[in-house]
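Here the structure is laid out as structure tokens; the discussion comes afterwards.
None of the figures in this text is laboratory data; all of them are computed from the coordinates on show. Predicted model only: the values in this text are computed from it and were never measured. Glycine also receives a Cβ, built like all others from the backbone with ideal geometry; neighbour counts cover every protein chain displayed.
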Amino acid sequence: MNQSRLVAPTLKFLVAANLALLISSAGAQTPAGEDLARKVDQLGDELTKVKEQLKQMQDEKAAGAATSAPASSATASASSVSPNEPATILFSYGEINYNRPTKHTEDTQVDLRRFVLGLQHRFDEKNKLVTEIEVEHAVSSADDPGEVEIEQAYVEHALNQTWSARGGLFLIPAGLLNERHEPTAYYGVERNFVETAIIPTTWREGGVEIVGNFDNGLTLQTGFATGFDLNKWDATSTEGLESPLGSIHQELALAKGHDISVFGALNWRGIPGLQLGASVFTGGATQGQATTDSRVTLWDLHARWTPGRWDLAALYARGSISNTSELNQPLVGNPTLIPESFDGWYAQAAYKLWEHQEYALTPFVRWEQFNTARSYADLGTGLTPEAAKTERVITVGANFQVSPGIVLKADVQRFRENDDANRFDLGLGWSF
Amino acid sequence: MFPDAESFDSRQIKLDSSQMQQLDSQGVQARSARWVVRTAQRGKTPLGFVVIDEVIGKFELITYAVGLGLDGAVKQVEILSYRESHGQEIRLPAWRKQFVGKTSASPIHVGDDIANISGATLSCKHVSDGVKRVVTVVDLARKNGALQ
């Protein structure tokens, strides 16, 4: 198939050239019939040559592939796809983080934040399965803080060179981080706050998705999926104030499926190094189990530009929940009511200062502003909670790449509102 | 890649240990001692060279072809097969055009003369490394007379 694509332009050229020759010759000479027959014979000869050439290249390709198989970190099992490509691939990423609050050093923690094992199996040229299992905080038991989660489990079917379809549990295309959240892919020990508190990275839903990649640089992703469950809102906990959507996501764990959400993301990468994108996700969230219907909507705009050694990024995300006035009435008196809106943005600049072989040192600075309760719906005088204060965080640090799959990180974070949270962080991350 | 070509003459290039070391000293991992280089020809006149190679993207193989002029400079890079779930953007003509004109003296290095694609960092790096390797191997073969 690949060979035929390579040869196709040559074939087209030869056919076009001969036809042009044929037409011009037929008009210029007489008797035309005899000349035409000669030209057709000539064209036939050329096509035979091209066919021979194609066969020769295919044979050589097969021989070449057998002698120059590339190095791979992949773990192979029996292959049904290609003699030099494993059908089943094991991959992993993880991170160990050290957080030292500078004003409360007694709260210093070291944590195996996450360890992820992934398995991808390619059934054939068009079909594959992608799965990831994650353990957070090292130990998961009734007495320990850890969790075991299936982060992705979807089947992907390639429809053609442009379109593919996915079905199962997959990451929602939102922001810059959600789909690409390995520690080697972002700056700083911890993921940024906007893409944690506003966009609940790592955010996945069960559903169907189609993905289109176009030659003009556009990537379109859209589909239907499960959504949030507002019945889970715990007004007695502060969890909803830390991440409104993170506290009501379902993660396909006996997910309520009465309300189906729709989503879409458009990214443009038509200029090398530049990415401009937007996403939206919207759907019902009371799942037919409350007297009031409510809709959760989250959208974002994002940009990333990597000119030379620079890596610049910016993102704005905003979420809203409708009919919260009715939903909050029975919750009045509790510490955490459901916000009507929440939003945040950040701007980040990183510069690859030093590089030697695989080593690279990249300092960065990031400024973030986010508010997990930008506004509350009116509940009446004295009952409507005040909007939360907008937190502003500056993070200054560096990523040190030991190899493309291993990163050491260090940073300092200063919080303008809650300065008790100021901290120094160290991290070790890997991904392969 | 070479629309004027009438035939492709294949040569198997075998690098010896000193040539492998020479590549290594240029910061290029040869990966394989044996390479197939096709010379595009019109009649008896050589037009340039084509090398088809494969690299790992993140998890899966990327098959690509590099077309080079007789001077060893890149004329065209084509992605023949890309099957990763993310990073399809390396197939974009705008990204591949960055390689045109590169020679063995060019860095061909993401972050220097080749722009990265966000979210496809490993694919960008591995294809760039691959093109650099192909350009260097063809340059070596040209200078040694192995392609005449």
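A few comments on the model shown:
- Simple rule: put +1 on each Lys or Arg Cβ and -1 on each Asp or Glu Cβ in the protein assembly as shown, find the dipole, and look at A:A158, A:W233, B:A141; the Cα lying farthest toward the positive end is B:A141.
- A quarter of the convex hull surface defined by the alpha-carbon atoms of segment A:304-432 gives 10.5 nm² as the mean projection.
- About its Cα centre, the dipole of the protein assembly as shown is roughly 2400 debye, where the only charges are +1 on Lys and Arg Cβ and -1 on Asp and Glu Cβ.
- Which of A:A138, A:I172, A:Q329, positive extreme of dipole for the protein assembly as shown (C-beta unit charges): A:I172
- Debye, to nearest 20: dipole size of segment B:7-143, +1 on Lys, Arg Cβ, -1 on Asp, Glu Cβ: 420 debye
- Alpha carbon convex hull of segment A:173-224, volume per residue in cubic angstrom: 98 Å³
- Radius, Kirkwood style, for segment A:360-432 when every pair of distinct Cα atoms is counted (Å): 14.9 Å
- Here segment A:137-281 is assigned +1 on the Cβ of each Lys and Arg and -1 on the Cβ of each Asp and Glu. Its dipole about the Cα centre then comes out at about 580 debye.
- Likely footprinting exposure, A:F364, A:F193, fewest C-beta neighbours within 10 Å first: A:F364, A:F193
- Among residues other than A:Y359 with Cβ under 15 Å from its Cβ, the summed charge is +2 (Lys and Arg +1, Asp and Glu -1).
- Kirkwood Rh (inverse of mean 1/r, distinct Cα pairs), segment A:88-431, angstrom: 21.3 Å
- Label point distance in nm, A:Q329-A:D143, each placed 7 Å from Cα along Cα→Cβ: 4.7 nm
- Residue-span extension gain [A:K389 to A:S92] - 0.36 nm each, minus C-alpha spacing: 103.1 nm
- Cα-based reach from A:K352 at 15 Å (exclusive), listing aspartates and glutamates while leaving out same-chain residues under 8 positions away: A:D311, B:D112, B:D113
- Our compactness index for segment A:143-265, the C-alpha radius of gyration over the empirical 2.2 N^0.38 Å, is 1.15.
- Peptide B:6-16 - average C-beta neighbours from other chains (10 Å radius): 3
- For segment A:124-198, the normalised intensity computed at q = 0.12, 0.18 Å⁻¹ comes to -0.49, -0.94 (log10 of I(q)/I(0), Debye sum over alpha carbons, equal scatterers, no solvent).
- By the count of other C-beta atoms within 10 Å, a proxy for reagent exposure, A:E106, A:E125 are ordered fewest to most as A:E106, A:E125.
- Residue-normalised convex hull volume from the C-alpha trace of the protein assembly as shown: 181 Å³ per residue.
- Charge-dipole axis of chain B as Lys and Arg at +1 and Asp and Glu at -1 on Cβ define it, positive-most pick from B:I56, B:Q22, B:I117: B:Q22
- Rounded Å value of the spacing that divides the Cα centres of segment A:241-261 and segment B:86-118: 40 Å
- Taking only the Cα atoms of segment B:76-148, the ratio Rg/Rh comes out at 1.01, with Rh defined as the Kirkwood radius.
- The value given for segment B:7-143 is a Kirkwood hydrodynamic radius of 15.2 Å, derived from the mean inverse Cα-Cα separation.
- Set of aspartates and glutamates near A:K256 by C-alpha distance (under 14 Å), chain-local residues within fewer than 8 positions excluded: A:E205, A:D229
- Per-residue ellipticity at 222 nm from helix content only, as computed over chain B with -39500 (n - 2.57) for each DSSP H run of at least four residues, stands at -7500 deg cm²/dmol.
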